[in-house]
Every structure is written in structure tokens, then in C-alpha cells.
Amino acid sequence: MSGKIPRHVAVIMDGNGRWAKKRLLPRAAGHRAGLTRMIGLSDHIFACGVEYCTLFALSAENLARPKEELDALFALFCEYFSEYAEPLKEKGIRLKTLGDPALVPENVRKLMREAEEKTRLGERGTLSLAIGYGGRQDIVRACGLLAQKGEPVTAENFAAALSTGGMPAVDLLIRTGKEKRLSNFLLYEAAYAELYFSDLYFPDFSDEAFDSALAEFARRDRRFGKL
Ligand code: IPE
Ligand code: IPE
Ligand code: MG
């Protein structure tokens, strides 16, 4: 891979339900296919030289979905945290989760914490999974944290108090699944991100589709307001 490589890539992994519907399968089958793709794609993203990969897996607003769907999603997250923490550790990838832990069932939270702990020394890259995450909620929480600590609200303190604290801003934000909106993802962190929308449903978003997004990113002229 040549050209400019983004340091921080974020992906809104949308379209699992429609992928399943198109195949007359239950929505849970779409989420299973989405998880399989997420595992392959995140490996590929780090292999391309990206240092930070942040994936939107479940929004705070998604928690209003039917219990049956949420149960299926949480079971998949449990499977992921228990089976993939070790391979991530071996690859030098640190796993982090973003979002409100109170929105996540206790058993999932426990596995999440164990996976974070197991991979915490990874230095090759940081994989962040946003689960029960909302950008607005995270901003409000960060403000509360600064107020509670009595810290001045500076850009630096504020960025550090966000759940993405310590990470660089997002360079490339990809959304799969046809919709063209942020759906409350990384509102502050993506202020100058290059936006890339793919019509593919997430389970169909191949490594080659990601390479096309990277190629497009390399062609973009990022001015950050300057001339
Ligand atoms: C994205 O796929 C995954 C989650 C939001 C959990 P969707 O479940 O939103 O799939 P569509 O948009 O209904 O196809
Ligand atoms: C955004 O997808 C959240 C995730 C992909 C996890 P949604 O399917 O929830 O977004 P909307 O409802 O179409 O905006
Ligand atoms: Mg959706």
C-alpha cells in the first residue's frame, strides 16, 4: 500500500440487518456475518499501517432495539472478547472499548475488561470498539468529569477526558450500508476527518473495498482551513 496512510481510521459498520434480509435470513445472521468481517477487516486495517482503528459496533440509541436482537449482539460480543483477546495480544494490538459501560450487561462488561487488561501492552496498534456509545453522551460525560475534577476546560483537557482520550483525531471515517450520516459517532474527534461512504452492507465490505477507501483518502487534499 503506497500513498498517504491515515493514522486513525473509524468505521461505522452499518447494514448487517439489510444484508441478512436480502438473503431471507434472520437479522442475527447478519450480525454474525458482520462480526466475521470485522475480525478480518481489522487485521487488514492494521496490516495497511493504520495505528488506530475505531469501530462502531453498537450505539447508545441501538439499545432501544428489541431484546432478541440485543441478546444476539451481546452474545457475539462475548464470543469476540473471549476468543479474540489472545490473538490480538499476539499481534501486539491493544483492545479498548468506548461508550457507557452501564449500558452493557454485566457478563459482557466483565469479558470486555478482561480483554482490555490482557491486551493493554500492545504497541502495534489500538483497536477501539464502540459499544453503548454516543458522541453527544461522551461529550457531556467529559464535561462532567472536568467539572468534577475542577480542571479548566481547555481543548487539551477536554480531548483527554473523552473516551478516545490519548488518541489522535480521526483522519478517515468510513460508513458502510448506504446511509450518509454520522448517527452520533465521534462527533468531536471526526471534526476534520475525510468522510467516505460505501453502498456495500458491512458483511460485504471487503479488504479490497477498504483499499479503495484508502486510495481515495490518498487523493484528498486536506487543508484544515488553510490555503
Ligand atoms: C449495524 O447494522 C450494526 C448495528 C447497528 C448493531 P444494522 O443492524 O443497523 O443493519 P441495518 O442498518 O438494519 O441493515
Ligand atoms: C449506526 O447505525 C450505529 C452502528 C453501526 C453501530 P444505525 O443503524 O444505528 O444508524 P441509523 O439508525 O440508521 O442512523
Ligand atoms: Mg443500520
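What follows draws every value from the coordinates through simple rules; no lab data is involved. Being a predicted model, the structure only gives us computed values, none of them experimental. Every residue, glycine among them, receives a Cβ derived from its backbone with ideal geometry; neighbour counts consider all protein chains shown.
When a footprinting reagent is the concern and you count Cβ atoms within 10 Å, what order do Thr126, Thr176 take, fewest first? It would help to have the intermediate numbers written out before the result.
Working: Thr126 21, Thr176 28.
Ordered by Cβ neighbours within 10 Å, fewest first: Thr126, Thr176.
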> In whole Å, what is the distance between the alpha-carbon centres of segment 60-109 and segment 189-227?
Replying inline: 25 Å
> Quick one: longest stretch of the chain between exposed loop chymotrypsin sites (Phe, Trp or Tyr not before Pro), exposed meaning at most 15 other C-beta atoms within 10 Å and loop per DSSP?
Replying inline: 1-191
> When the helices in the chain are scored as -39500 (n - 2.57) per DSSP H run of 4 or longer and the sum is shared across all residues, what 222 nm value do you end up with, to the nearest 500 deg cm²/dmol?
Replying inline: -14500 deg cm²/dmol
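Give me Asp43, Asp138, Asp14, Asp199 ranked fewest to most by other Cβ atoms within 10 Å of their Cβ, as a rough exposure proxy. Intermediate values should be presented prior to the final figure.
Numbers: Asp43 17, Asp138 25, Asp14 21, Asp199 12.
Fewest-to-most ranking of Asp43, Asp138, Asp14, Asp199: Asp199, Asp43, Asp14, Asp138.
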> Can you pull out the GluC sites (Glu not before Pro) in segment 68-177 that DSSP calls coil and that have at most 14 other Cβ atoms within 10 Å?
Replying inline: Glu123
>> For Leu173, Leu24, Leu111, which order do you get if you count the other beta carbons within 10 Å of each Cβ and list the fewest first?
In response: Leu24, Leu111, Leu173
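Considering only DSSP states other than H, G, I, E and B, which trypsin sites (Lys or Arg not before Pro) in segment 137-227 qualify as loop sites with at most 14 other Cβ atoms within 10 Å? List each step's numbers first, then the result.
Values: sites: Arg141, Lys149, Arg175, Lys178, Lys180, Arg181, Arg219, Arg220, Arg222, Arg223, Lys226; in loops: Lys178, Lys180, Arg181, Arg220, Arg222, Arg223, Lys226.
Hits after loop and neighbour filter: Lys178, Lys180, Arg181, Arg220, Arg222, Arg223, Lys226.
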> Helices from the chain with mean Kyte-Doolittle at least 0.0 and a Cα length along the axis of 20 Å or more, per DSSP H: which?
Replying inline: 27-47
> Can you list the aspartates and glutamates whose alpha carbon is less than 13 Å from that of Lys91, not counting same-chain residues fewer than 8 positions off?
Replying inline: Asp43, Glu51, Glu123
> Magnitude of the Cβ-charge dipole of the chain, K/R +1 and D/E -1, about the Cα centre, nearest 20 debye?
Replying inline: 420 debye
